[in-house]
Structures are given as C-alpha cells and as structure tokens.
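Notes for the one structure printed next.
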Amino acid sequence: MSGKKKRILIILVDRANYGRMKPIMDALSEDNTVEMLTICAGSMVLERFQRTVDVVRDDGFHVHSEVFMELEGSLPVTMAKSLGFGVVEFSSELNRLSPDLVVLIGDRYEALAAALAAVYQNICVAHIQGGEVSGSIDESARHAISKLAHYHFPSTSESRQNLIRMGESPNTVFNYGCPVGDVIFSMQSNSKRDLSGYYGLSSFDISEPFFLVIFHPVTTGFGEESQQIDAVLEVLAFFQIQSVMLWPNIDAGASHIGKRIRTFQKNHDANYLKMITNLAPSDFQYLLGKTACAIGNSSSFVRDTSFWGTPVVLLGDRQNGREAAENVTRVPIDFDKIVGAVEQQLRHGRYLPSTLYGKGDSGKKIAKKLVELEPYKQKRLHVADDND
C-alpha cells in the first residue's frame, strides 16, 4: 500500500453510532496518510428520524454515500427484509468506493448487512464493541459481525476475553475502551450549555431535576412492547417530574410504542413530558450528565452513564448480561418495582464515575491502530490456550 493513502470507510447506521464513532473520525480526519470515507445508512437518512446524516455534515465530515435500506412496518419480517436490502445496497457502494478497510460499530442489523457485503468482496473489516453480552436479537447480530470481522476493538477486558473464547486471535483484538468516553471527558470541564432554544425545551428548566427516558422495543419479545411502554408512562405520570423522552429506534415494535406514547399524550395533561426525535451527540451527553435519573433500556444508559456517574434504572431484558457500573439498577418492567428503584436512585444521587468502559482516550488510540493495521482477507479460527 506504499505510495497511496489507506482508504478507511466509516459506516454509520444510527444516532448512537455517530456519537461513539465521532472521536475516531476526528482523529482519522487529521491523519494525512489516510483517506477517510463515510457512509450513512439506516435511520440516519430518514426524514422521520430528522436525518442525523445532516448532523454529520454540519460537523464538517464529507458523507460519500447515503444508503436507503429500511422497509417500513417495524415488524420482524420488515427487519429481515431490510437486512437483505442492506446487503444489496452496501454491496454496490462498497464496490464503487473500493475501501481498504471498513469500520463498523455495535450490533445493529444494518451493520451486519454492511459486514456481509464487505467480506464477500474481500474487504477487511474492523469491528468496534464486539464481545459484549446483551438481550434481544442484537446479541446474535453482534457476535455474527465479530465472526465476519478481521480486527476487533472491544470496550472492556471481559469483552476482549469473550472474543478470544469465540475463536478470534488475540493478535487481532485491541481493548482501548469505548470512544464515547472521549466526548464525555472533553465536556466535563465545560459542561454548561443553554438548550432552551432547541428541541422545544423552552418550557424546561434543566437546572431543576428531570428524567431522561429512552425505551426501545425488544425484538425477541415482539408483541409485549405496548404493555411495557404503558408501564413506563404510568411511572412518569406518578412522579410528574419534567421528563425528556427520545422516540424509540426503528426496530420491530417501534410503531406500537409510538402509538401508545401518542395516545398517552392525547389522554393526559402531560406537560411534564417532552418528546424528542433526535439529539446532537454533545447535547445528548449533556442531558445524560445532568439528569436526576435515566430510565429505560438503551445501551447508552449502561455504557455512557458509567463515565458520568448518572443514576440509572435499567428496564427489562434488552441489556441482560451487559457489564454495568454501580450506578445502574436493573428492574423488570413492573410499575411498583420501577417506582421503588427510581425513588432509591433519586435518594442516592450521583455516583462516582467509572473506568469500566475506558478512560476517555479511546478515539485516538483506535484511529492510530486502524492506520497501522494491515488489511487481510482470510480469517482462521484461533483455539485459545492458557497464555491468551
């Protein structure tokens, strides 16, 4: 590869992807030995999710392609078909852009589509946040991406060991932590910001206690989401504390959750509840760092809050098995149990920040290693021994 720049392709498929990849993208964009390419896909390019791709452009990154792959319906069958469309669309774009290395993050089915499209064209894949344990179909998607990927950047030492136990060579697995910590640590020294003119938050006083709420559908529990979100909304009605709630992702069951939220807003005088479709990564982190308690089932409530020490009430099975710091209290989706956990977290207040997911210096380390890596095609199963 001497004499030409390494072409590193970053693939982003949802709002959380970008928030965690941005430190890596920042570092790569400053390296004159690299040509960084970017594809945005999934919900990032959809109008009803307020086109997070435009945030990427506003931050100064060139988006080389927008991939449309989502079939409407929010059903298990539409998720499966969207995965198929994604393989087709990503295959065309990867053939056109001809990267040396594709970088994926997480466990979304859109990322799985990109991984399949890449490896069947002999394109080397690096995967961030592999080896983690969680609930829903995301668990299977994450491990499938890991088995396709050639290089791995897990976020914890336990995740690294999980990857090695899965047959990945230790020489290809680098634990530098989660890059979202870079964003958070850069904010903590200057964390004041005025959001009153944005997102319709003019009536909210962020200096007063508020809840931050995210509840995504659990694909392996499709059909249960309406009853579950009703319980969450009843909890918010019980406390009557000002609450910022993000709309759920695009997974199967999301339309049912959205319908129940709209019905609740119509039938209740819920002036305390503000629904937001999307937040810029830094604004989301600001709210996550300021909230009195985060309530829901998002992975950000496990991973990101560990850097802040934010009290969390984690609901249901969606994050089962995921490593968490002491700030996270897990409860089933039951009104009384959720209320009790929230009350306990409000009494406790903030926790000390944790280094479980890194020390806030991951982005540059991952970017540097990506530049150094030698792309290859053929993987081999590695049988771990006691020295690994």
Note on Thr329: of the conditions (1) under 26 Å from Met187 (Cα atoms); (2) open to solvent by less than 20 Å² (accessible area, probe 1.4 Å); (3) touching a helix residue (DSSP H, G or I) at 6+ places or on another chain (Cβ under 6 Å); (4) not in a loop (DSSP other than H, G, I, E, B), unmet is (2)
Subset of segment 147-158 (residues that are surrounded by fewer than 24 Cβ atoms within 10 Å (Cβ to Cβ) and not in a helix (DSSP H, G or I)):
His150, Thr156
Can you tell me which residues in segment 115-130 are of a type in the set (A, V, I, L, M, F, W, C) and in contact with a Lys or Arg (Cβ under 8 Å, 6 or more places away or on another chain)?
Cys124, Ile128
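Give me the residue from segment 260-281 that is outside any helix (DSSP H, G or I) and in contact (Cβ under 8 Å) with a residue 60 or more places away in the chain and, out of that set, farthest from Leu236 (Cα to Cα).
Once the filter is applied, the top-ranked residue is Ala280.
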Taking segment 1-45 only, how many residues are modelled with pLDDT of 95 or more, surrounded by fewer than 23 Cβ atoms within 10 Å (Cβ to Cβ) and within 24 Å of Ser255 (Cβ to Cβ)?
1
Could you please give the count of residues in segment 223-247 that are open to solvent by 10 Å² or more (accessible area, probe 1.4 Å) and either touching a His at 6+ places or on another chain (Cβ under 9 Å) or of a type in the set (D, E, K, R) (or both)?
6
With criteria (1) touching a strand residue (DSSP E or B) at 6+ places or on another chain (Cβ under 8 Å); (2) over 24 Å from Asp317 (Cβ atoms), Gly167 comes up short on (1)
Residue pairs, Cβ under 7 Å, 6 or more apart or interchain, first in segment 343-354 and assigned to a loop (DSSP other than H, G, I, E, B), second open to solvent by less than 100 Å² (accessible area, probe 1.4 Å) and of a type in the set (Gly, Ala, Ser). List them.
Arg350/Gly309; Tyr351/Gly309; Leu352/Gly309; Pro353/Gly309; Ser354/Ser306; Ser354/Ala325
Checking the structure you have, find out if any residue of segment 217-224 is among the acidic types (Asp, Glu), part of a loop (DSSP other than H, G, I, E, B) and closer than 22 Å to Val13 by Cα.
no
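Rundown of residues vs (1) in a loop (DSSP other than H, G, I, E, B); (2) surrounded by fewer than 22 Cβ atoms within 10 Å (Cβ to Cβ); (3) among the aliphatic types (A, V, I, L, M); (4) in contact with a Leu (Cβ under 8 Å, 6 or more places away or on another chain), yes/no style:
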site: Lys81; (1), (2), (3), (4): no, yes, no, yes
site: Val103; (1), (2), (3), (4): no, no, yes, yes
site: Leu112; (1), (2), (3), (4): no, no, yes, yes
site: Ala117; (1), (2), (3), (4): no, no, yes, yes
site: Gln121; (1), (2), (3), (4): yes, yes, no, yes
site: Glu132; (1), (2), (3), (4): yes, no, no, no
site: Ala141; (1), (2), (3), (4): no, yes, yes, yes
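Results for (1) under 15 Å from Ala111 (Cβ atoms); (2) hydrophobic (A, V, I, L, M, F, W, C); (3) open to solvent by 10 Å² or more (accessible area, probe 1.4 Å), shown as yes or no for each residue.
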| site | (1), (2), (3) |
| --- | --- |
| Ile145 | yes, yes, no |
| Arg160 | no, no, yes |
| Leu163 | no, yes, no |
| Pro170 | no, no, yes |
| Asn175 | no, no, yes |
| Pro179 | no, no, no |
| Val183 | no, yes, yes |
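The values are calculated or read from the model by the stated rules, or taken from the named source; none is laboratory data. Since the structure is predicted, the reported quantities are computational estimates derived from the model, not experimental observations. We place every Cβ from the backbone using ideal geometry, glycine too, and count neighbours over all the protein chains shown. Just the protein is used for accessible areas: all its heavy atoms, side chains included, with ligands, DNA and RNA removed. Shrake-Rupley method; radii C 1.70, N 1.55, O 1.52, S 1.80 Å.
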